[in-house]
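First up is the structure itself, then whatever we jot down about it.
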Amino acid sequence: MKKNILVIPGDGIGPEVTTWGKAVLEKIAEVYGHDFSFQEALMGHVAIEATGNPLPDETLQKAQQSDAILFGAVGHAKYDNDPSAKVRPEQGLLKIRKELGLYANLRPILLFDELLDASSIKPSILKGTDILFFRELTGDVYFGEKKRSKDGHTASDLMVYQRYEIERIAHKAFEAAMTRSKRLCSVDKANVLESSRLWRETVQQVSKNYPEVETEHMFIDNAAMQLIKDPKRFDVVLTANLFGDILTDEASQIAGSMGMLASASIGDGTGFFEPIHGSAHDIAGKDLANPLASILSVALMLDISFGLKEESKLIIDVVNQVLAEGFRTNDIADGSTSPYKVLGTQDMGKLILKFIDQHSLS
Ligand code: IPM
Ligand code: MG
(Lines give C-alpha, C1' and ligand atoms only; values in the text may rest on other atoms or scores of the structure.)
(Ligands and ions follow the chains in the order given, each with its own letter.)
Protein backbone atom coordinates (compact mmCIF):
# COMPACT_ATOMS: atom_id res chain seq x y z
CA MET A 1 0.00 0.00 0.00
CA LYS A 2 1.29 3.45 -0.96
CA LYS A 3 0.57 6.33 1.44
CA ASN A 4 1.79 9.83 1.99
CA ILE A 5 1.93 10.73 5.70
CA LEU A 6 2.42 14.20 7.14
CA VAL A 7 4.31 14.36 10.44
CA ILE A 8 3.72 17.44 12.61
CA PRO A 9 5.96 17.06 15.67
CA GLY A 10 4.97 20.39 17.32
CA ASP A 11 6.25 21.51 20.72
CA GLY A 12 7.75 20.19 23.96
CA ILE A 13 7.89 16.38 24.01
CA GLY A 14 6.02 16.31 20.67
CA PRO A 15 9.16 15.79 18.53
CA GLU A 16 10.60 13.13 20.88
CA VAL A 17 7.51 10.94 20.89
CA THR A 18 6.61 11.50 17.24
CA THR A 19 10.06 10.30 16.19
CA TRP A 20 9.06 6.88 17.51
CA GLY A 21 5.57 6.95 16.02
CA LYS A 22 7.20 7.61 12.64
CA ALA A 23 9.87 4.96 13.21
CA VAL A 24 7.11 2.41 13.88
CA LEU A 25 5.40 3.39 10.62
CA GLU A 26 8.69 2.86 8.78
CA LYS A 27 9.19 -0.50 10.45
CA ILE A 28 5.65 -1.62 9.59
CA ALA A 29 6.21 -0.53 5.98
CA GLU A 30 9.43 -2.56 5.85
CA VAL A 31 7.89 -5.68 7.41
CA TYR A 32 4.66 -5.68 5.38
CA GLY A 33 6.05 -4.27 2.13
CA HIS A 34 4.14 -0.97 2.19
CA ASP A 35 5.38 2.23 0.62
CA PHE A 36 4.95 5.04 3.17
CA SER A 37 6.47 8.41 2.33
CA PHE A 38 6.78 11.22 4.85
CA GLN A 39 6.69 14.97 4.89
CA GLU A 40 7.13 17.23 7.88
CA ALA A 41 5.48 20.52 8.84
CA LEU A 42 5.40 23.10 11.62
CA MET A 43 2.59 23.89 14.04
CA GLY A 44 2.29 25.53 17.47
CA HIS A 45 5.01 27.47 19.29
CA VAL A 46 7.73 26.31 16.88
CA ALA A 47 5.65 27.62 13.99
CA ILE A 48 5.07 30.97 15.75
CA GLU A 49 8.81 31.32 16.30
CA ALA A 50 9.59 30.48 12.66
CA THR A 51 6.74 32.26 10.86
CA GLY A 52 4.63 34.22 13.36
CA ASN A 53 1.69 31.91 12.62
CA PRO A 54 0.76 28.83 14.73
CA LEU A 55 -0.63 27.15 11.58
CA PRO A 56 1.33 28.32 8.53
CA ASP A 57 -0.49 28.02 5.16
CA GLU A 58 2.17 25.60 4.00
CA THR A 59 1.32 23.20 6.85
CA LEU A 60 -2.38 23.32 6.03
CA GLN A 61 -1.68 22.69 2.35
CA LYS A 62 0.53 19.71 3.09
CA ALA A 63 -2.12 18.41 5.50
CA GLN A 64 -4.83 18.62 2.87
CA GLN A 65 -2.68 16.73 0.39
CA SER A 66 -1.67 13.92 2.73
CA ASP A 67 -3.37 10.57 3.36
CA ALA A 68 -3.02 10.82 7.14
CA ILE A 69 -1.38 13.05 9.73
CA LEU A 70 0.70 12.08 12.74
CA PHE A 71 0.81 14.89 15.25
CA GLY A 72 2.77 15.34 18.52
CA ALA A 73 1.64 18.18 20.81
CA VAL A 74 1.43 21.97 20.96
CA GLY A 75 1.82 24.44 23.79
CA HIS A 76 4.39 26.43 25.72
CA ALA A 77 4.45 27.57 29.34
CA LYS A 78 5.20 31.14 28.32
CA TYR A 79 1.67 31.51 26.90
CA ASP A 80 -0.03 29.67 29.77
CA ASN A 81 0.93 32.42 32.17
CA ASP A 82 0.21 35.23 29.75
CA PRO A 83 -3.57 35.47 29.24
CA SER A 84 -3.08 38.60 27.12
CA ALA A 85 -1.11 36.80 24.36
CA LYS A 86 -3.01 37.22 21.10
CA VAL A 87 -1.19 34.51 19.16
CA ARG A 88 -1.10 31.12 20.90
CA PRO A 89 0.20 27.66 19.92
CA GLU A 90 -3.19 26.01 20.58
CA GLN A 91 -4.78 28.18 17.87
CA GLY A 92 -2.87 26.13 15.33
CA LEU A 93 -4.40 22.88 16.55
CA LEU A 94 -7.93 24.31 16.74
CA LYS A 95 -7.62 25.78 13.26
CA ILE A 96 -6.37 22.59 11.63
CA ARG A 97 -9.23 20.64 13.26
CA LYS A 98 -11.71 23.12 11.82
CA GLU A 99 -10.10 23.41 8.39
CA LEU A 100 -9.84 19.64 7.91
CA GLY A 101 -13.40 19.10 9.18
CA LEU A 102 -12.20 16.76 11.96
CA TYR A 103 -15.46 16.78 13.85
CA ALA A 104 -15.16 13.40 15.58
CA ASN A 105 -12.41 12.75 18.09
CA LEU A 106 -12.16 9.09 19.06
CA ARG A 107 -10.39 8.43 22.33
CA PRO A 108 -10.24 4.73 23.20
CA ILE A 109 -9.47 4.03 26.85
CA LEU A 110 -7.36 1.01 26.18
CA LEU A 111 -6.53 -0.61 29.48
CA PHE A 112 -3.56 -2.95 29.45
CA ASP A 113 -3.92 -5.49 32.26
CA GLU A 114 -0.24 -5.05 32.99
CA LEU A 115 -0.92 -1.46 33.97
CA LEU A 116 -3.75 -2.08 36.43
CA ASP A 117 -1.40 -1.11 39.26
CA ALA A 118 -0.27 2.11 37.59
CA SER A 119 -3.64 3.76 38.15
CA SER A 120 -4.65 5.45 41.38
CA ILE A 121 -7.98 3.61 41.09
CA LYS A 122 -8.25 0.11 42.60
CA PRO A 123 -7.50 -2.70 40.09
CA SER A 124 -10.75 -4.49 41.04
CA ILE A 125 -12.75 -1.44 39.90
CA LEU A 126 -10.74 -1.04 36.69
CA LYS A 127 -10.37 -4.56 35.40
CA GLY A 128 -12.37 -5.15 32.23
CA THR A 129 -12.87 -1.46 31.45
CA ASP A 130 -13.05 -0.69 27.74
CA ILE A 131 -14.45 2.70 26.82
CA LEU A 132 -14.52 4.49 23.48
CA PHE A 133 -15.11 8.23 23.72
CA PHE A 134 -16.58 10.18 20.83
CA ARG A 135 -15.78 13.80 21.57
CA GLU A 136 -17.27 16.39 19.20
CA LEU A 137 -14.30 18.46 18.03
CA THR A 138 -15.25 21.43 15.87
CA GLY A 139 -18.09 23.12 17.77
CA ASP A 140 -19.07 24.23 21.30
CA VAL A 141 -17.42 27.02 23.33
CA TYR A 142 -14.20 26.21 21.53
CA PHE A 143 -15.48 27.83 18.35
CA GLY A 144 -18.38 30.04 19.51
CA GLU A 145 -18.02 33.81 19.51
CA LYS A 146 -15.59 35.18 22.11
CA LYS A 147 -16.10 38.63 23.57
CA ARG A 148 -14.46 41.00 26.00
CA SER A 149 -16.17 44.23 27.05
CA LYS A 150 -14.49 47.58 26.34
CA ASP A 151 -13.64 48.09 30.00
CA GLY A 152 -12.15 44.57 30.03
CA HIS A 153 -14.22 43.46 33.01
CA THR A 154 -16.69 41.15 31.26
CA ALA A 155 -15.92 38.19 29.01
CA SER A 156 -17.95 35.50 27.32
CA ASP A 157 -17.54 32.42 25.13
CA LEU A 158 -20.62 31.31 23.25
CA MET A 159 -21.54 27.65 23.74
CA VAL A 160 -23.24 26.90 20.46
CA TYR A 161 -24.28 23.79 18.55
CA GLN A 162 -26.21 23.25 15.37
CA ARG A 163 -28.35 20.16 14.90
CA TYR A 164 -26.30 18.81 11.98
CA GLU A 165 -23.11 18.97 14.03
CA ILE A 166 -24.67 16.78 16.70
CA GLU A 167 -26.28 14.43 14.19
CA ARG A 168 -23.10 13.59 12.29
CA ILE A 169 -21.04 12.68 15.34
CA ALA A 170 -23.98 10.86 16.93
CA HIS A 171 -24.24 8.65 13.83
CA LYS A 172 -20.53 7.84 14.05
CA ALA A 173 -20.84 6.95 17.74
CA PHE A 174 -23.92 4.76 17.21
CA GLU A 175 -22.23 2.98 14.31
CA ALA A 176 -19.28 2.22 16.58
CA ALA A 177 -21.64 1.05 19.33
CA MET A 178 -23.16 -1.43 16.86
CA THR A 179 -19.74 -3.06 16.42
CA ARG A 180 -19.08 -3.17 20.17
CA SER A 181 -21.36 -4.06 23.06
CA LYS A 182 -24.29 -1.95 21.77
CA ARG A 183 -24.33 0.44 24.70
CA LEU A 184 -24.02 4.19 24.31
CA CYS A 185 -24.02 6.91 26.95
CA SER A 186 -24.54 10.50 25.79
CA VAL A 187 -23.21 13.07 28.24
CA ASP A 188 -24.60 16.61 28.51
CA LYS A 189 -25.87 19.24 30.95
CA ALA A 190 -29.45 19.36 29.67
CA ASN A 191 -30.81 20.35 33.09
CA VAL A 192 -29.14 23.73 32.68
CA LEU A 193 -27.88 24.43 29.15
CA GLU A 194 -30.00 25.05 26.05
CA SER A 195 -27.25 23.74 23.77
CA SER A 196 -27.33 20.52 25.82
CA ARG A 197 -31.10 20.29 25.39
CA LEU A 198 -30.60 20.42 21.62
CA TRP A 199 -27.83 17.82 22.05
CA ARG A 200 -30.11 15.46 23.99
CA GLU A 201 -33.09 15.94 21.66
CA THR A 202 -30.89 15.25 18.61
CA VAL A 203 -29.22 12.19 20.12
CA GLN A 204 -32.66 10.83 21.09
CA GLN A 205 -33.78 11.22 17.46
CA VAL A 206 -30.63 9.66 16.00
CA SER A 207 -30.93 6.75 18.45
CA LYS A 208 -34.21 5.71 16.77
CA ASN A 209 -32.11 4.55 13.80
CA TYR A 210 -30.22 2.17 16.08
CA PRO A 211 -32.95 0.35 18.06
CA GLU A 212 -30.52 -2.39 19.07
CA VAL A 213 -28.31 0.08 20.94
CA GLU A 214 -29.17 0.68 24.57
CA THR A 215 -28.95 4.46 24.87
CA GLU A 216 -28.50 6.31 28.12
CA HIS A 217 -28.28 10.07 28.82
CA MET A 218 -26.23 11.33 31.71
CA PHE A 219 -25.36 14.75 33.10
CA ILE A 220 -21.69 15.66 32.92
CA ASP A 221 -21.26 16.06 36.69
CA ASN A 222 -22.66 12.60 37.32
CA ALA A 223 -20.62 11.13 34.43
CA ALA A 224 -17.41 12.56 35.92
CA MET A 225 -18.25 10.79 39.17
CA GLN A 226 -19.41 7.47 37.62
CA LEU A 227 -16.29 7.30 35.49
CA ILE A 228 -14.06 6.66 38.48
CA LYS A 229 -16.71 4.99 40.66
CA ASP A 230 -17.60 2.30 38.12
CA PRO A 231 -15.80 2.76 34.77
CA LYS A 232 -17.01 -0.63 33.48
CA ARG A 233 -20.57 0.67 33.20
CA PHE A 234 -19.51 2.68 30.14
CA ASP A 235 -18.89 1.46 26.62
CA VAL A 236 -19.31 4.15 23.92
CA VAL A 237 -19.49 7.64 25.43
CA LEU A 238 -20.69 10.47 23.19
CA THR A 239 -20.14 14.03 24.29
CA ALA A 240 -19.57 17.65 23.30
CA ASN A 241 -16.19 19.28 22.83
CA LEU A 242 -15.53 20.82 26.26
CA PHE A 243 -17.08 18.02 28.31
CA GLY A 244 -15.14 15.50 26.23
CA ASP A 245 -11.88 17.36 26.76
CA ILE A 246 -12.31 17.18 30.52
CA LEU A 247 -13.73 13.66 30.77
CA THR A 248 -11.00 12.10 28.63
CA ASP A 249 -8.21 13.58 30.76
CA GLU A 250 -9.99 12.08 33.75
CA ALA A 251 -10.38 8.77 31.91
CA SER A 252 -6.66 8.68 31.11
CA GLN A 253 -6.09 7.84 34.76
CA ILE A 254 -8.03 4.64 34.22
CA ALA A 255 -5.38 3.62 31.70
CA GLY A 256 -2.66 4.48 34.21
CA SER A 257 -1.14 7.47 32.46
CA MET A 258 -1.79 10.17 29.90
CA GLY A 259 1.30 8.76 28.24
CA MET A 260 -0.63 5.68 27.13
CA LEU A 261 -3.63 7.20 25.36
CA ALA A 262 -3.93 7.72 21.64
CA SER A 263 -6.61 9.51 19.70
CA ALA A 264 -7.97 9.72 16.19
CA SER A 265 -9.70 12.77 14.79
CA ILE A 266 -11.79 12.05 11.76
CA GLY A 267 -14.39 13.72 9.62
CA ASP A 268 -14.80 14.32 5.94
CA GLY A 269 -11.20 14.03 4.79
CA THR A 270 -7.71 13.27 6.04
CA GLY A 271 -7.50 11.62 9.49
CA PHE A 272 -5.39 13.17 12.22
CA PHE A 273 -3.72 11.01 14.87
CA GLU A 274 -2.22 12.19 18.13
CA PRO A 275 -1.52 11.28 21.73
CA ILE A 276 -4.01 12.89 24.10
CA HIS A 277 -1.19 14.24 26.26
CA GLY A 278 0.15 17.75 25.86
CA SER A 279 3.61 19.22 25.24
CA ALA A 280 4.86 18.57 28.83
CA HIS A 281 7.69 21.10 28.68
CA ASP A 282 8.81 20.14 32.18
CA ILE A 283 10.14 16.82 30.85
CA ALA A 284 10.96 17.85 27.27
CA GLY A 285 14.43 16.96 25.99
CA LYS A 286 15.14 14.72 29.00
CA ASP A 287 14.41 11.35 27.39
CA LEU A 288 11.60 10.83 29.92
CA ALA A 289 8.49 11.04 27.73
CA ASN A 290 6.46 7.91 27.07
CA PRO A 291 6.39 7.26 23.31
CA LEU A 292 3.65 4.62 23.57
CA ALA A 293 0.75 7.05 23.06
CA SER A 294 2.30 8.19 19.78
CA ILE A 295 2.97 4.58 18.79
CA LEU A 296 -0.62 3.62 19.65
CA SER A 297 -1.80 6.62 17.60
CA VAL A 298 -0.02 5.00 14.66
CA ALA A 299 -1.98 1.80 15.36
CA LEU A 300 -5.18 3.85 15.12
CA MET A 301 -4.00 5.43 11.85
CA LEU A 302 -3.25 2.07 10.25
CA ASP A 303 -6.65 0.73 11.26
CA ILE A 304 -8.94 3.71 10.71
CA SER A 305 -7.34 5.57 7.79
CA PHE A 306 -5.71 2.70 5.89
CA GLY A 307 -7.80 -0.31 6.94
CA LEU A 308 -4.60 -2.21 7.86
CA LYS A 309 -6.09 -4.19 10.74
CA GLU A 310 -3.35 -6.80 11.04
CA GLU A 311 -0.57 -4.20 11.17
CA SER A 312 -2.54 -2.21 13.73
CA LYS A 313 -3.11 -5.23 15.93
CA LEU A 314 0.56 -6.15 15.77
CA ILE A 315 1.48 -2.80 17.31
CA ILE A 316 -1.00 -3.24 20.16
CA ASP A 317 0.27 -6.80 20.76
CA VAL A 318 3.85 -5.56 20.87
CA VAL A 319 2.98 -2.82 23.38
CA ASN A 320 1.32 -5.53 25.47
CA GLN A 321 4.41 -7.69 25.25
CA VAL A 322 6.75 -4.88 26.26
CA LEU A 323 4.62 -4.19 29.33
CA ALA A 324 4.26 -7.88 30.13
CA GLU A 325 8.03 -8.25 30.11
CA GLY A 326 8.25 -5.55 32.76
CA PHE A 327 9.48 -2.59 30.69
CA ARG A 328 8.12 0.80 31.68
CA THR A 329 8.73 4.47 31.08
CA ASN A 330 8.89 6.62 34.17
CA ASP A 331 5.22 7.69 34.12
CA ILE A 332 3.95 4.10 34.42
CA ALA A 333 6.59 2.71 36.78
CA ASP A 334 5.30 3.69 40.17
CA GLY A 335 7.89 4.53 42.79
CA SER A 336 11.59 3.93 43.24
CA THR A 337 11.08 0.44 44.67
CA SER A 338 9.17 -0.77 41.62
CA PRO A 339 10.25 -4.09 40.13
CA TYR A 340 10.12 -2.71 36.59
CA LYS A 341 12.83 -2.12 34.06
CA VAL A 342 12.53 1.62 33.55
CA LEU A 343 13.49 2.89 30.10
CA GLY A 344 13.88 6.32 28.56
CA THR A 345 11.97 7.44 25.49
CA GLN A 346 14.59 6.22 23.05
CA ASP A 347 15.15 2.80 24.55
CA MET A 348 11.40 2.21 24.76
CA GLY A 349 11.06 3.17 21.10
CA LYS A 350 13.92 0.89 20.06
CA LEU A 351 12.49 -2.01 22.03
CA ILE A 352 9.15 -1.68 20.26
CA LEU A 353 10.93 -1.81 16.88
CA LYS A 354 12.90 -4.86 17.97
CA PHE A 355 9.76 -6.69 19.09
CA ILE A 356 7.98 -5.86 15.83
CA ASP A 357 10.91 -7.45 14.00
CA GLN A 358 10.76 -10.53 16.21
CA HIS A 359 7.00 -10.92 15.66
CA SER A 360 7.40 -10.67 11.92
CA LEU A 361 10.07 -13.38 11.91
CA SER A 362 8.05 -15.77 14.06
C1 IPM B 1 -6.78 18.18 23.70
C2 IPM B 1 -6.09 19.41 24.18
C3 IPM B 1 -6.53 20.58 23.32
C4 IPM B 1 -8.02 20.77 23.50
C5 IPM B 1 -5.78 21.91 23.59
C6 IPM B 1 -4.29 21.73 23.46
C7 IPM B 1 -6.27 23.01 22.72
O8 IPM B 1 -6.34 19.64 25.52
O9 IPM B 1 -6.60 17.80 22.53
O10 IPM B 1 -7.50 17.55 24.49
O11 IPM B 1 -8.48 21.43 24.44
O12 IPM B 1 -8.78 20.24 22.67
MG1 MG C 1 -7.41 18.07 26.48
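So the values come out like this:
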read-out	value
GNM result for the chain, Cα springs below 10 Å: residue of 339, 108, 83 fluctuating most strongly	83
For the range 299-362, the Rg and Dmax computed from alpha carbons only, in angstrom	13.4, 42
Of all DSSP beta bridges in the chain, antiparallel share, percent nearest 5	35
17 Å cut-off, amide nitrogen to a point 7 angstrom out along residue 125 Cα→Cβ, residues in the range 215-229	221-229
Largest-first principal axis extents of the Cα set of the range 78-208 (Å)	53, 40, 32
Between the range 265-307 and the range 203-250, the Cα center-to-center distance that results, in Å	23
Other-chain or far-sequence residues with amide H under 5 Å of residue 7's (modelled H)	39, 40, 41, 70
Listed residues 62, 86, 122, most fluctuating in the chain (Gaussian network, C-alpha, under 10 Å)	86
Helical contribution to [θ] at 222 nm, DSSP H n ≥ 4, -39,500 (n - 2.57), averaged over the chain, rounded to 500	-13000 deg cm²/dmol
Dimensionless Rg over Rh [the chain; C-alpha; Kirkwood]	0.96
Of 182/232; 2/95; 22/350; 122/232, those spanning more than 24 Å from alpha-carbon to alpha-carbon	2/95
Kirkwood Rh and Cα Rg combined as Rg over Rh, evaluated for the range 1-129	1.05
Length-normalised contact order for the chain - Cα pairs under 8 Å, 6+ apart - percent	22
Label-point separation, residue 209 to residue 221 (7 Å along Cα→Cβ), nm	3.3
Pairwise FRET efficiency - residue 358 versus residue 1, Cβ, R0 = 35 Å, nearest 0.05	0.95
Sulfur and carbon atoms: percent of accessible area, the chain [1.4 Å]	50
Heavy-atom accessible area ranking, 1.4 Å probe, most first, across 151, 235, 331	151, 331, 235
Solvent-accessible area per residue, Å², over the chain with all protein chains present [probe radius 1.4 Å]	43
Beta bridges by DSSP in the range 158-305, antiparallel share as percent, to the nearest 5	30
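The values are calculated or read from the model by the stated rules, or taken from the named source; none is laboratory data. Keep in mind it's a predicted model, so treat the numbers as computed, not measured. Note that we place each Cβ from the backbone using ideal geometry, even for glycine, and neighbour counts take in every protein chain shown. Heads up: the accessible areas ignore ligands, DNA and RNA and are worked out on the full protein's heavy atoms, side chains in. Shrake-Rupley method; radii C 1.70, N 1.55, O 1.52, S 1.80 Å.
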